[in-house]
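Have a look at the structure below before the remarks.
The values are calculated or read from the model by the stated rules, or taken from the named source; none is laboratory data. Remember, predicted model here, so these are calculated numbers, not experimental data. Glycine also receives a Cβ, built like all others from the backbone with ideal geometry; neighbour counts cover every protein chain displayed. For the accessible areas, the whole protein counts, side chains as well, though only heavy atoms, and no ligand, DNA or RNA atoms are used. Shrake-Rupley method; radii C 1.70, N 1.55, O 1.52, S 1.80 Å.
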Amino acid sequence: MNDTEEARLHKELEELREAMQELKVRAALEVSEATHRMEAMRAVLSALLKCIGPRAVKRARFQELIAQESKNTANHGPASVRHEVLLAETRRVLDRRR
């Protein structure tokens, strides 16, 4: 093996290492976002359970709990996906309870 081939192999190896690192970072981000989505669903379900009365959901109380959860959620980074879930699932709950 000459110096040119060895240099090429080292470059390819370094590129593979960088690609692997990028994949690890992407996977960690996806796992983090999935975890935050699951936690947002739990928050919606928890709020719903706290607001179920004998005949109906106490809409104002439910909205208050969701607003508080949203206020405590980051606006940037992986945790920010919680806003999307909170909004979508809150709409589903409130639209079905009319």
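Data table
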| item | result |
| --- | --- |
| Members of the stretch 1-36 found to be open to solvent by 90 Å² or more (accessible area, probe 1.4 Å) and within 30 Å of THR90 (Cα to Cα), listed by number | ARG26, GLU30, VAL31 |
| Selection status of ALA88, part of a helix (DSSP H, G or I) and more than 21 Å from GLU33 (Cα to Cα) | no |
| Selected residue [over 20 Å from ASP95 (Cα atoms) and of a type in the set (A, V, I, L, M)] from ALA74, ALA56, ALA43 | ALA74 |
| GLU30 among the acidic types (Asp, Glu) and at pLDDT 95 or above | no |
| Set ALA47, ALA56: member being in contact with a helix residue (DSSP H, G or I) (Cβ under 9 Å, 6 or more places away or on another chain) and among the aliphatic types (A, V, I, L, M) | ALA47 |
| Residue selected from the stretch 47-79 under the condition surrounded by 13 or more Cβ atoms within 10 Å (Cβ to Cβ) and touching a residue at least 40 places away in the same chain (Cβ under 8 Å), by the criterion nearest to SER32 (Cα to Cα) | PRO78 |
| Matching residues in the stretch 80-98 - criterion: being open to solvent by less than 40 Å² (accessible area, probe 1.4 Å) and over 11 Å from the mean Cα position of the chain (by Cα) | GLU89, THR90, VAL93, LEU94 |
